[in-house]
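Working notes, structure below.
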Amino acid sequence: MRRRLAEARVGRLATVTAAGRPHLVPCCFALGGETAYSAVDHKPKSTTALARLDNLRATGVASLLVDHYAEDWSTLWWVRADGRGRVLEPDDEPERRQALSLLATKYEQYRRRAPSGPVIAVDIDRWRA
């Protein structure tokens, strides 16, 4: 499970609103120990006031899902990591710096242009597959 999650290039980050509604978005991420990190980066977004950040600040509930689909159903798989979600702000060092380093190691785009916004941390306490 850990290897498949760590090697996946994109995941789906699920959070929960203060009103208890689910919110799901695709994301780039990197795994560091028992924590998955995703950054608010320069990819186009409709706003910088992202619902996922508000949701994490309100409820702290998060899941990260990765999967593989193929027409040969014997090769299908998915991994979900559930845990406590946190928002690391620019002044949350050194964890934020470590998270950005992990992301830059995984994604060449982050080596060219480091994210300057908040970083999401999901402290994983449950694995499912």
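Wholly within the stretch 55-129, which strands (runs of 3 or more DSSP E) include no fewer than the required count, namely at least 1 residues that are among the charged types (D, E, K, R) and crowded, with 18+ Cβ neighbours inside 10 Å?
The qualifying strands (runs of 3 or more DSSP E) are 77-88.
Show the residue pairs meeting these rules: Cβ distance below 8 Å; 6+ apart or different chains; first residue within the stretch 1-20 and among the small types (Gly, Ala, Ser); second residue in a helix (DSSP H, G or I).
The qualifying pairs are Gly11/Leu5; Ala18/Asp54; Ala18/Asn55; Ala18/Ala58; Ala18/Thr59.
Hey, could you check the stretch 31-54 for residues that are over 11 Å from the mean Cα position of the chain (by Cα) and surrounded by 15 or more Cβ atoms within 10 Å (Cβ to Cβ) and say which is modelled with the lowest pLDDT?
That would be Asp41.
Mind checking which residues of the stretch 1-30 are of a type in the set (A, V, I, L, M, F, W, C) and more than 10 Å from the chain's Cα centre (by Cα)?
Once the filter is applied, which keeps residues that are of a type in the set (A, V, I, L, M, F, W, C) and more than 10 Å from the chain's Cα centre (by Cα), the stretch 1-30 yields Met1, Leu5, Ala6, Ala8, Val16, Ala18, Ala19, Leu24.
Starting from residues that are touching a residue at least 24 places away in the same chain (Cβ under 8 Å) and acidic (Asp, Glu), keep the ones in the stretch 93-129 and report whichever is nearest to Cys27 (Cα to Cα).
Restricting to residues being touching a residue at least 24 places away in the same chain (Cβ under 8 Å) and acidic (Asp, Glu), the top hit is Asp123.
Return yes when Ala6 is open to solvent by less than 30 Å² (accessible area, probe 1.4 Å) and either closer than 22 Å to Tyr107 by Cβ or part of a strand (DSSP E or B) (or both) and no when it is not.
Judged against the criteria, Ala6 is not a match.
The values are calculated or read from the model by the stated rules, or taken from the named source; none is laboratory data. Here the structure is a predicted model, which means the values were calculated and not measured. Don't worry about glycine lacking a Cβ; one is built from the backbone with ideal geometry, like all the others, and counts go over all protein chains shown. For the accessible areas, the whole protein counts, side chains as well, though only heavy atoms, and no ligand, DNA or RNA atoms are used. Shrake-Rupley method; radii C 1.70, N 1.55, O 1.52, S 1.80 Å.
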